[in-house]
1. Before I look further, what does the range 331-396 give for accessible area per residue, probe 1.4 Å, in whole square angstrom?
2. Residue separation times 0.36 nm, minus the C-alpha to C-alpha distance between Thr233 and Leu340: what's the value?
3. Highest mean first, what order results for 147-159, 177-189, 93-105, 39-51 on Cβ atoms within 10 Å?
4. Give the cysteines in the chain for which no other Cys Cβ lies under 4.7 Å away, or write none if there are none.
5. Counting only heavy atoms of the protein chains, get the accessible area per residue of the range 1-144 (1.4 Å probe) and round it to a whole Å² value.
6. Please sort by residue number the GluC sites (Glu not before Pro) in the range 48-139 whose DSSP state is loop and whose Cβ has at most 13 other Cβ atoms within 10 Å.
7. Asp130 to Ser349: FRET efficiency via 1/(1 + (r/R0)^6), r the Cβ-Cβ distance, R0 56 Å, to the nearest 0.05?
8. By a straight-distance test (C-alpha under 19 Å), which lysines pair with Lys190 as possible cross-link partners, with residues fewer than eight away in the same chain excluded?
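The values are calculated or read from the model by the stated rules, or taken from the named source; none is laboratory data. All values reported here derive from a predicted model rather than from experimental measurement. Heads up, the Cβs are rebuilt from the backbone with ideal geometry, glycines too, and the neighbour counts pull from every protein chain shown. These accessible areas exclude ligands, DNA and RNA; they are computed on the full protein's heavy atoms, side chains included. Shrake-Rupley method; radii C 1.70, N 1.55, O 1.52, S 1.80 Å.
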Amino acid sequence: MDPRQGRAFVDGERTLVDRAVFSDPALYQQELGRVFARSWLFLAHETQFGRAGDFFTTFMGADPVIVTRQRDGTYRVLLNSCRHRGMRVCRYDSGNAKAFTCPYHGWSYGTDGTLIAVPEERAAYGERLDRSEWGLAAVPRVETYKGLVFGTWDTEIPPLREYLGDVTYFLDVLLDPDGQGAVMVPGVHKWRMRGNWKLAAEQFAGDTYHVASTHLSAVLAEPGRSDEAPMPTTGFQVAMSGGHGIGGLDGFDYWRTAGFSEEVCEWMAGLADRAERHLGRPRARDAVFFHGNVFPNLSLLFIRSNLRIWHPKGPDAMEVYSWAVVPASAPPAVRRALLLDYQRHFGPSGTWEQDDGEQWHYSAGSGDGFIARGLPLHYRMGHERVPQASFPDFPGSVDDVYSEANQRCFYERWSELMAVPHPAEFRDGARPGIGTAGGSVDAQVVAP
Ligand code: FES
Ligand code: FE
């Protein structure tokens, strides 16, 4: 593939994907600018921050960032890279700080990113260091949706709510089922895996198809299942503009078949009633078991109470940050049951997580071989089928559960972004939208 063309599909029908998108180092470098620097990226949940100075470190694409809560309750997102030699100024996962002091030579930055102190400043620099020019680079736009904090380096991108579009219809089922919101269980699971980040993102966007094969042994181990009917086979795939995808199964009572206690089953049944009143019947009743991906790399699992992000770590590796997210109204016993359910299935050692990771591990590098490189991958499931009308109230383009419409939608969006070079790719180009804390571009928070 010619990396400058930035396309995923190799055929006119746009159903065959070039393996280079999973392994080409040049494409990976382009992707960091054209996709990650041009999208809204999930950073953290507001329940991770209690007071001013609380911080959480994460990544935007391959760039390390610090998310900090300011005195006025807004969030500031700073590039975690000292302006002197590039050292990480904060090496903790989370905590509370009054300032970030670089361990290397001691330059000190306020939690708003301003350079506030330089050791031996007068002896070292005389009058020649203008501190206002050397603050940490600050992410110019920060907005929230139902507790999720997002940032983007792109000053031209539409507001977050518009960017999310129809996917909020489903996000709300996880983030605000009964009008009382959701909380992240404290602590973030982090692990690295072999495989390009898109292998995971596209699977969560639309691949319910793999469940009966990849997860068969784990499904059969569930206490309430029988060999004859391991999983339902009806459901939906919803492709949404912007590259977002949601897919899932319908027609079964997960809580009872998965062996939860009577107390948990009853509470979840009550939650479903409250959700129906709060959100309306279609999404509260029909979307009972779904997976999804918010373009580019935020994935979610309703029922498994999970939000996760796939950080790119080179063309052939990713790092997962994964949270358990539970309804804020859930009593302690239910919270604990949901947390255990998430850990048992999708924590780092969870059965389903191990199943998926194995597939991505052995799919990694599938485009490295000379012969394999010339063989595109098959994304034709459901192509040219007339979409069904089983879920007329769902937004977006709805198809049968066995469809790869969501994956095609994901790669359409990816191709669209990849086709346009990022200005910073040109040596003499400006870097619009990337300001320092002392510069003219301020972070902003938009209330949900
Ligand atoms: Fe941070 Fe020198 S690298 S003070
Ligand atoms: Fe899976």
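1. For the range 331-396, the solvent-accessible area averages 58 Å² per residue.
2. Result: 35.9 nm gained on full extension.
3. The peptides rank, most packed first, as 39-51, 147-159, 177-189, 93-105.
4. Cys90, Cys265, Cys409
5. 44 Å²
6. Within the range 48-139, the qualifying GluC sites (Glu not before Pro) (loop, at most 13 other Cβ atoms within 10 Å) are Glu120, Glu127.
7. The computed FRET efficiency comes out at 0.65.
8. Partners found: Lys198, Lys313.
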